[in-house]
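The values are calculated or read from the model by the stated rules, or taken from the named source; none is laboratory data. Since the model is a prediction, treat every value here as computed from it, not as a measurement. Don't worry about glycine lacking a Cβ; one is built from the backbone with ideal geometry, like all the others, and counts go over all protein chains shown. The protein model used for the area step is the full one, side chains on, heavy atoms only, and it has no ligands, DNA or RNA in it. Shrake-Rupley method; radii C 1.70, N 1.55, O 1.52, S 1.80 Å.
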Amino acid sequence: MKTYIINLEKSVDRKNHILKELSLYPSLDYSLIKGVDGHTITDDELYSVIDTDSSQSHFKNNVNRAEVGCALSHIKCYKTMLNSSEGYALVLEDDALLSTDFESLLPFLKRNLEISDPIIILLTPNFKYKKVISNIIDRYYMSEVVSGFTALGYMLNRAAAQILVDRLYP
């Protein structure tokens, strides 16, 4: 499965961590995506991509430079995916830890991504959900998410990536 790993060039320890983690999962075909360091973004660059009014109304404050860099890094993953022939991908930040049974979940997760409707599968427990849709295996469930955060790891298909590229700017 195509996997995009977001890593700031200066974060060598985190890069080494995620490469060690990925060595346990040979079915993941990964590419390192150079993360955008929000602290190096100029004011002009910052205000060319940020909508301060929207940020104020949605988050009740302005997003900070690190958050902008993070968002732009994820957008780089989506654009990379859309420039490939991949139908779906896994996106991981460099400090992600995959469950020991992640490999056994992949067939089910892949089947859910092979649709034309946009879908994102969050791989973190930090979300509010409406209802459980189905049980995957053991303690894993598919749920309809209302609100999610901490995008340490998730899977998405091309339709979702296109929507995010078109609409997701901090």
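Numbers at a glance
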| item | result |
| --- | --- |
| Relative contact order of segment 1-126, pairs being alpha-carbon contacts under 8 Å that are 6 or more residues apart, as % | 35 percent |
| Rg over Rh, two decimals, segment 3-112 (C-alpha only, Kirkwood Rh) | 1.03 |
| Accessible surface, per residue, of segment 62-111 when the full set of protein chains is kept, probe 1.4 Å, Å² | 44 Å² |
| Aspartates and glutamates with Cα under 19 Å of Lys15, excluding same-chain neighbours fewer than 8 positions away | Asp29, Asp37, Glu93, Asp94, Asp95 |
| Most to least accessible of His39, His74 (protein chains only, probe 1.4 Å) | His39, His74 |
| Apportionment of accessible area to carbon and sulfur, segment 15-74, percent (1.4 Å) | 50 percent |
| Residues of segment 65-103 with amide N under 17 Å of the 7 Å Cα→Cβ point at Ile119 | 86-91 |
